[in-house]
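The values are calculated or read from the model by the stated rules, or taken from the named source; none is laboratory data. From a predicted model like this one, the values you see are computed outputs, not experimental measurements. Every residue, glycine among them, receives a Cβ derived from its backbone with ideal geometry; neighbour counts consider all protein chains shown.
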Amino acid sequence: MDKAQNWLVYSMCLFVRSLNEFQRTKTKERSLLQLQALVDQFNDKKPGAYDRIKYYYSLYYPSYLELQKV
């Protein structure tokens, strides 16, 4: 499976992975690029709101401002 079934689950996994990779010197740049991709996703039109908030109460996904702070 190369794509996640849900946008929010995929984005949350990318967020957690980028935080883990930020700790190592060799993967810090990749981590920053992943975080930038997550920030840029807030301006995308697709997927729609229904797909984005499907698991909203199951996962803690940071807000736009929280992502920019990291």
**Q.** Index of the failed condition, VAL16 passing every other in (1) in a helix (DSSP H, G or I); (2) touching a residue at least 24 places away in the same chain (Cβ under 8 Å); (3) among the aliphatic types (A, V, I, L, M)
**A.** (2)
Q. Of all the residues that make up the stretch 48-65, how many are over 13 Å from the mean Cα position of the chain (by Cα), under 10 Å from LEU8 (Cα atoms) and not hydroxyl-bearing (Ser, Thr, Tyr)?
A. 3
Q. Of GLN41, GLN68, GLN34, which residue is of a type outside the set (Lys, Arg), in a helix (DSSP H, G or I) and modelled with pLDDT of 90 or more?
A. GLN34
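Residue by residue through the stretch 37-59, note down the ones that are charged (D, E, K, R) and under 20 Å from LEU19 (Cβ atoms).
So the first thing to find is which residues in the stretch 37-59 are charged (D, E, K, R), and the list is 40, 44-46, 51-52, 54.
Passing the criteria: only ASP40.
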Q) Condition test on ARG24, is it over 10 Å from the mean Cα position of the chain (by Cα) and either not acidic (Asp, Glu) or not in a helix (DSSP H, G or I) (or both)? A) yes
(Q) Return the residues of the stretch 44-65 that are exposed (fewer than 10 other Cβ atoms within 10 Å of the Cβ), among the aromatic types (Phe, Trp, Tyr) and assigned to a helix (DSSP H, G or I); say none if nothing qualifies. (A) TYR50
